[in-house]
Structure formats: C-alpha cells, structure tokens
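Every number here is computed from the coordinates shown, using simple stated rules; none is lab data. All of these numbers come straight from a predicted model, not from anything done at the bench. Heads up, the Cβs are rebuilt from the backbone with ideal geometry, glycines too, and the neighbour counts pull from every protein chain shown.
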Amino acid sequence: MRTLLAIARKELKVYFTTPTAYVVCALFTLVASVFFWSFLKRFMLDSQLFLEVQRPELLEQLNFNDRVITPLYVGYVQIIFLFVLPLLTMRLLAEERRTRTVELLLSTPVSPWQIVGGKYLSAVTMVLAMTAICLIYPLLLELAGHGVGGSGPLDWSTVLLGLLGLFLVGATCAAVGLLTSSITENQIVAAVIGMMVLLFFWVLRGVGEGLEGTLGAVLTYASILTHIESYARGIFSLGDLIYFASFVALCLFLTHRMVESMRWA
Amino acid sequence: MSDRPAADPAVSPAPHAAAATAFMIDVRGLTKRYRDLAAIEDVSFSVAAGEIVGFLGPNGAGKSTTMRILTGCIPATAGSVRVNGFDVFEDPHQVKRCIGYLPEVPPLYPDLTALEQLQFVAALKGIRGRQARAEIDRVVQRAAVGDQLSRLVGNLSKGYRQRVGIALALLGDPKVLILDEPTVGLDPKQIGEVRGLIKNLAGDHTVVLSTHILPEVTMTCQRALIIAAGRIVADDTIDRLAASHGGKSLEEIFLSLTSH
C-alpha cells in the first residue's frame, strides 16, 4: 500500500510541478464556465419570456437544477472529461516505456498491482479536483439566486448526486485512459485510442436505441450515457454504480495484464 | 526441483547444488530471441559472492540484454537465472530485493528533483522514514551528488545523471549490483572516483559491470567475461586470460576473440 501511495504521490508531483495540472484545470474551468454562463443566459431569457406572456405555471417549472446544473453536468462537462482525461492519463505508462524508466519499476520489488493502482489513484485524484471545480457553479447560484416562495434556488441532493455521477464518469474515463496508455509507447496513440473507445461507449446508446430486441437493449445498457441519467435526475442508483465500478475494474484488470506482460511476454 | 541435488547428489551433480551454496549469481543456458534474431544464445556463467566481474563485449553483443534478464526486466526465451539462491522467474520479488541495477539509460524522471527521485526509489525499495533519510545521505555521499539534489533531473548534465543513477542502484545497500556501463558520460576524474567506489564494494557486494572500455576491467575487476554476438567466448581471471593467450594484453585478446 505504501509503495502504491509513493507511486501515486510521484505522479501527482509530476502533474503539479509541470504545467499539466494547471493548464488542464484552467482550461477545464474556462470551458465549463462558458457553458454555465450560456445556460444561465438562456434561463434568464426564458423567465423573461414567461413573464411577458403571463404564464406563471411555466415560470414555476423553471428551476436551476433542471435548466442549468443538470444540462451543464450531463451535457457538457462529461464531454470535456471524455477528451481531457485520455490526454491527462496518456503519459502514465506510455512515457515510462518510451523513456525506459519502467526498468526502475520492473527491477525493484514492486508488484504490477502497485504500479497500476498508484497510477490510477493519481488520475482519480485529478478527476476529483475537476469534479470539485464543478461545485463552484451551484455555489454561485446558491449565493446569488433565489427560488420560488422563499426556498433556496437549488435542490442540493440532486446537485451532489449529479457531482457523484460526474465523478464516476471521470473515473471511468481515467481507467480507459490508463489502459490505452499501457498498450503503446506512443502517448498520442494512447490518447487517440482512449478518446475513440470512450466516444464509442457514448454513441453506443444512440445505436442501441435504434435497434430492436435484445441487441438494442444490450447496447443501450453498455453505453456510459445510459448510466449517468439517474444521478443527473437526483436518484441514487446502485445498478449504475455497479456498472461504473465493473467498467473501471475491467480496465484496471486489463492494464494489470499489460504491465505483467512487460516482464513475461 | 531445487532440493533434488541435495537428496540425490550422485544423479544430478555439480551446477545447481553448488549454485545454491557458493554462487551469488548463476546463469544457465540463457537465450533470448526476438523472432529470428537471437540477442543472446546459450549464455552460462556464475559469479561468486563478493566477486567483481567485468562483462565485456562490442556494441550489440548482448551485454544489456543479459543484464536486463538478470534483473527481471525482460523474460528470457530459455534458460535460468538464480540470484542469491532465488530464481528470477519464479521468485522475482526476492531477487529484486537483493539487486541494485543501473540500466544502460539511467531511469530518471526529468520532472523530479534529484532528491525527489532518490526518495521515490527508496520508497519503491521499501526503505522508509528515518532509515530512508540515512540511506539517501549515504548514497548521495558515495556518488558525490550532494550539490545537485535540489535541481530537476532533466536539467542535470549527463555525468550527474549517470551518478544519480549509480546512487539509485546503491540505495538499500543491495548484495548484488548490476551496473550497465557505469562510467559512461563521466569526466576522467569522476571515472576514477566511480572505479574506486566499485573496487570498495568488493567483498561485501557482488558486482557485475558491463563496459567496452578495456582498462576499466583490468583496473576494477577480478574476472572478465567476454561476450561476442550473443555468446560467451571467454570467462576467466584477467591474469589467466593473458597467460593462455601468450601474454597478450586484454585489448589484443578482446579483439581476437570478438573479430568474426
């Protein structure tokens, strides 16, 4: 466990002593904020419109959860994760192999699980940091906004479950990124394959919904997109949690096989 | 398998029974093939505890490949390696605990400082806390990198990178040191220091060092192993090598053995 933590700490040190972590987090915040602003603007326009047309029942349905936070998390931040996380994880194993520093890990008494676990832990810590950044948007609304009839502007349990869903999606993207980083020495190849794999699991839902019968259902179930929905709507779903956990476990298992094969192939 | 020689010494005698007791490193019939290309072919040798052996050969002869197999970084196609009585393939953890390895390219992370790099490797080797600090102080002094500790490894000169690499191999005071071209990139003064350092390791440590600088072998090693085109062509003490080749210098012996 200590060896695993030492590896994770070293990876985080590299993320934070090089511009990587700062550039990724800054750009992530910038893009997410632009989306946030655009949803907020739309929200304001809609509420003005509903006031003008004298439709108070529509106005009452208008809330920050459904109109700003959920579409922000599910529609956009997820997509940023899909592209950013393979870029963040591409170096984890590919670079070690290219620069031959992997010989250090292979010639010291370190097990493949400690290598995979340590590297993954560092990536998940970055996901956690980015998920935490997403907390600023509901906090801003809480500070500046107000709800109907004196209640708060937000339903926080929905917000927090949305964040949990976001974290799970990020953790899945990181696991895929780590796996693709283990199959090649070339970082760009690792990142591109990672993005493609993730994109595939995203669009799978569209394919599945277009098909009938069992195949359609299976493809829909396999899609990452299917499993974030309940979290976005504020429902805790054990089934979806198991989906994400097994996705991550499978990727880590395959990465472990790849690392193991470096010394046995 | 390993207890059979003890049980019935008459049937399967010498090599393995002896390996378990006397030899620190015992290599038998080691072969590594990349598809049709054989990097090393049927390499066998053994190194006694406390011995310093020079591994000599022209570029591409298979020195680094052999060393990488010895340290468990890559698997062999055939053959076996025992270090300190443990099989590299069956007991890699035990073997890695007693080996310090300096690869051909020092395994350094350019974004870490030299001190962070040493701390990381100490953690990988399972050295913790106060003991780690003491160990790092010790190897820093031995490799003479004390004034470079706060610099990023990526900014160090080649000589200093090589010395940090040596310091990493020495961490934890391993019984066996496998050094792949330890003096590459060093200036003459540093070369002298590193050779002195290696000589001082004799007795307590078993050292295998590879080089293509012949005087290095004469100066630091008791025995030379000459490898050419993936095969061992000579394995003897330097004096006896000279005697058997009619008093020729090591250089002449090397050239005559490796030229074909």
Karplus ³J(HN,Hα) for the stretch B:197-206 (6.51 cos²θ - 1.76 cosθ + 1.60, θ = phi - 60°; Hz, whole; x = Gly/Pro) runs 4, 5, 4, 5, 6, 4, x, 7, 10, 9
Report P(r) for the protein assembly as shown: all Cα-Cα distances, bin width 10 Å, range 0 to the bin holding the largest distance, values in whole percent. 4, 16, 22, 19, 14, 11, 7, 4, 2, 1, 0, 0
Using a simple spin-label model with points 7 Å from Cα along the Cα→Cβ vector, what separation in nm is obtained for residue A:54 and residue A:26? 5.3
Candidate cut points under GluC sites (Glu not before Pro) in the stretch A:177-265, DSSP loop plus at most 14 other Cβ atoms within 10 Å of their own Cβ, are A:212
Net charge near residue A:13, counting Lys/Arg +1 and Asp/Glu -1 over other residues with Cβ under 11 Å of its Cβ? -1
Quick query: amide H of residue B:74 versus all other amide H atoms, modeled in the peptide plane; which residues come in under 5 Å with a sequence gap of 5 or more or a different chain? B:69
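Which of the chymotrypsin sites (Phe, Trp or Tyr not before Pro) found in the stretch A:209-265 are loop residues per DSSP with 16 or fewer other Cβ atoms within 10 Å of their Cβ?
Values: sites: A:221, A:231, A:236, A:243, A:244, A:247, A:253, A:264; in loops: A:236.
Sites meeting the loop and neighbour criteria: A:236.
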How large is the charge dipole for chain A, taken about the Cα centre, if only the Cβ atoms of Lys, Arg (+1) and Asp, Glu (-1) carry charge, to the nearest 20 debye? 1040
Could you point to the residue in B:257, B:102, B:60 farthest towards the positive end of the protein assembly as shown's charge dipole, with +1 and -1 charges on the Cβ of Lys/Arg and Asp/Glu respectively? B:257
Within the stretch A:1-105, DSSP-loop chymotrypsin sites (Phe, Trp or Tyr not before Pro) with at most 12 other C-beta atoms within 10 Å are none
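When only C-alpha pairs under 8 Å and at least 6 residues apart count, what is the relative contact order of the stretch A:2-264, in percent?
Numbers: 303 pairs, mean separation 64.8, N = 263.
After rounding, I find 25 percent.
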Students often forget the sequence filter, so: which lysines lie under 17 Å Cα-Cα from residue B:175 once same-chain residues fewer than 8 apart are removed? B:96, B:125, B:199
Amide H neighbours of residue B:234 under 5 Å, counting only residues 5+ apart in sequence or on other chains, H built in-plane at 1.01 Å? B:226
Using alpha-carbon pairs under 8 Å, 6+ residues apart, how would you state the relative contact order of chain B in percent? 24
Where only C-alpha atoms are counted, convex hull volume of chain A per residue in Å³: 151
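For A:223, B:210, B:44, A:230, what ranking results if the residue with the fewest other Cβ atoms within 10 Å of its Cβ goes first?
Going from sparsest to densest Cβ surroundings: B:44, A:230, A:223, B:210.
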The alpha-carbon center of the stretch B:27-62 and that of the stretch B:102-178 are separated, in whole Å, by 27
In what sequence do B:96, B:158, B:248, A:119 fall when counting other Cβ within 10 Å, fewest first? B:158, B:248, B:96, A:119
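Please order B:53, A:24 by the number of other Cβ within 10 Å, starting at the fewest. Display every interim value, and only then the final one.
Working: B:53 22, A:24 19.
Going from sparsest to densest Cβ surroundings: A:24, B:53.
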Residue among A:112, B:245, A:221 farthest towards the positive dipole end of the protein assembly as shown, charges placed on Cβ: B:245
